[in-house]
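The values are calculated or read from the model by the stated rules, or taken from the named source; none is laboratory data. Since the structure is predicted, the reported quantities are computational estimates derived from the model, not experimental observations. When we count neighbours, we look across all protein chains shown, and the Cβ atoms used for this are built from the backbone with ideal geometry, even at glycine.
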Amino acid sequence: MKAEILKLLKDSDGYLSGQQLCDRFQVSRTAVWKVMEQLKKEGYEIEAVRNKGYRLIGSCASLSGTEIESSIKSEWAGRRVVYFEETDSTNLRAKEAGEKGEAHGSLYVADCQISGKGRRGRSWESPSGTSIYMTLLLRPKILPGKAPQMTLLMALAVADGIREVTGLSTQIKWPNDIILNGKKICGILTEMSAEIDYINYVVVGVGINCNQETFPEELREKATSLKLESGQEIQRAAVIAAVMESFEKYYQIFEKTEDLSGFLDEYNELLVNREREVLVLEPGQEYEAYALGINSSGELIVKTADGQRREIFAGEVSVRGVYGYV
Ligand code: ATP
């Protein structure tokens, strides 16, 4: 009820009558008053006026399950939020939930990760109070070989969500990073549990650097945050909600064709590697090529120095610029 009342307060232009809230949630006026007091303690500035009701006038609330749930506008993506002040990794929490049979669209969010993960056992720098660490649990009815496409779908959703909330235009470094002004703002890690021809679940983990003002020495050249680039404090819950809404939109399009053909142009527009020389880092080999764009399966189409056209599967490959990170 707390998240729902907060959502009503956020969506309302004027005052929300106490009686209407009582009728809607079938609770007493005291119960409504108690919720308002709790919200005030959490940092929401709520004005109460006799005969008019309640009105949200400001907020300095930090990220919380209530804050996220009250911001979510999507139908199923992030409708159920499980929030942790601190956890080892949101991908681990989502995989655990996947094993337990939790629903498609459940979202696991943490304020801080003790062992945030990147691909191939790398780590993701996850300090508290500044960033978004979230993992979406999915149960797609597609063949396991198509699961990496979820990474590309999420990348588009993140780029959209960031643009909507901050106005910043980001680019995608295929397959799993979002780039802002040449530096990494977000990484995506997709993992799955599957049989040969059946997916049990897929988890799509997303780390978005929001309000960091500095990075550890080893990341300074490569990483940035939305605040560093825009000069503005970022409302993390608003970004989470916008990304979920956008993911849901792309997922619905994906479900029709079970590939990326419905938004290929949109993706290629944002692709930082497009029409550029790239260094392809495959397990066991490394070569230079010219990147053309992605195909509808999410593979990166490149032309090698001897004129051969190759389609690279997103699984374990990294792509760099020939002279630097992008
Ligand atoms: P790369 O970005 O090097 O091409 P990758 O996409 O496989 O490789 P990820 O698995 O997405 O990399 O992320 C892990 C890497 O990202 C780490 O090795 C580190 O270099 C970098 N990194 C770790 N934490 C952050 C962060 N908070 N912001 C930006 N980059 C980070």
key: Of all residues in the stretch 186-210 being in contact (Cβ under 8 Å) with a residue 60 or more places away in the chain and surrounded by fewer than 18 Cβ atoms within 10 Å (Cβ to Cβ), the one that is nearest to the ligand (Cβ to nearest atom)   = Ser193
query = Just a yes or no: is a residue in the stretch 223-235 in the same structural domain as Ile142 (by the TED database), buried (at least 22 other Cβ atoms within 10 Å of the Cβ), in contact (Cβ under 8 Å) with a residue 12 or more places away in the chain and away from the ligand (no atom under 16 Å from the Cβ)?
reply = no
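Take Asp160 and tell me if it is in the same structural domain as Arg220 (by the TED database) and either in contact with a Cys (Cβ under 6 Å, 6 or more places away or on another chain) or buried (at least 21 other Cβ atoms within 10 Å of the Cβ) (or both).
Numbers: in the same structural domain as Arg220 (by the TED database): yes; either in contact with a Cys (Cβ under 6 Å, 6 or more places away or on another chain) or buried (at least 21 other Cβ atoms within 10 Å of the Cβ) (or both): no.
Judged against the criteria, Asp160 is not a match.
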ask   = When residues of the stretch 94-112 are filtered for being touching a Ser or Thr at 6+ places or on another chain (Cβ under 8 Å) and among the acidic types (Asp, Glu), how many remain?
value = 2
query = Considering only residues of the stretch 113-147 that are of a type in the set (Gly, Ala, Ser) and farther than 30 Å from Ile196 by Cα, which is surrounded by the fewest Cβ atoms within 10 Å (Cβ to Cβ)?
reply = Gly129
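Rundown of residues vs (1) crowded, with 17+ Cβ neighbours inside 10 Å; (2) touching a residue at least 12 places away in the same chain (Cβ under 8 Å); (3) in contact with a helix residue (DSSP H, G or I) (Cβ under 9 Å, 6 or more places away or on another chain); (4) outside the structural domain of Glu125 (by the TED database), yes/no style:
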{"residue": "Arg50", "(1), (2), (3), (4)": "no, no, no, yes"}
{"residue": "Lys73", "(1), (2), (3), (4)": "no, yes, yes, no"}
{"residue": "Gly78", "(1), (2), (3), (4)": "yes, yes, yes, no"}
{"residue": "Val82", "(1), (2), (3), (4)": "yes, yes, yes, no"}
{"residue": "Thr90", "(1), (2), (3), (4)": "yes, yes, no, no"}
{"residue": "Ala97", "(1), (2), (3), (4)": "yes, yes, no, no"}
request  = Report, ordered by the first and then the second residue, all pairs with beta carbons closer than 7 Å, sequence separation of six or more or different chains, a first member in the stretch 121-144 that is within 8 Å of the ligand (Cβ to nearest atom), and a second member that is basic (Lys, Arg) and assigned to a strand (DSSP E or B).
outcome  = Ser123/Lys117; Trp124/Lys117
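Looking at Glu42, Glu67, can you tell me which residue is at pLDDT below 95, of a type in the set (D, E, K, R) and out of contact with any strand residue (DSSP E or B) (no Cβ under 7 Å at 6 or more places or on another chain)?
The unique qualifying residue is Glu42.
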key: Of all residues making up the stretch 291-308, the number that are surrounded by 15 or more Cβ atoms within 10 Å (Cβ to Cβ) and in a strand (DSSP E or B)   = 7
key: Any chance Glu286 is outside the structural domain of Arg122 (by the TED database) and either in contact (Cβ under 8 Å) with a residue 12 or more places away in the chain or not in a strand (DSSP E or B) (or both)   = no
query = How do the pairs read when you match residues in the stretch 302-322 that are at negative phi and away from the ligand (no atom under 11 Å from the Cβ) with residues anywhere that are among the hydroxyl-bearing types (Ser, Thr, Tyr) and not in a strand (DSSP E or B), using Cβ under 9 Å and keeping only pairs 6 or more apart or on different chains?
reply = Glu311/Ser297; Phe313/Ser297
inquiry  = From the list Asn176, Asn181, exactly one residue is on the phi > 0 side of the Ramachandran plot and within 16 Å of the ligand (Cβ to nearest atom). Which is it?
reply    = Asn181
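Conditions (1) within 31 Å of the chain's Cα centre (by Cα); (2) under 16 Å from Ala237 (Cα atoms); (3) in contact (Cβ under 8 Å) with a residue 24 or more places away in the chain, marked per residue:
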position: Leu9; (1), (2), (3): yes, yes, yes
position: Asp13; (1), (2), (3): yes, no, no
position: Val35; (1), (2), (3): yes, no, yes
position: Gly53; (1), (2), (3): no, no, yes
position: Gly58; (1), (2), (3): yes, yes, no
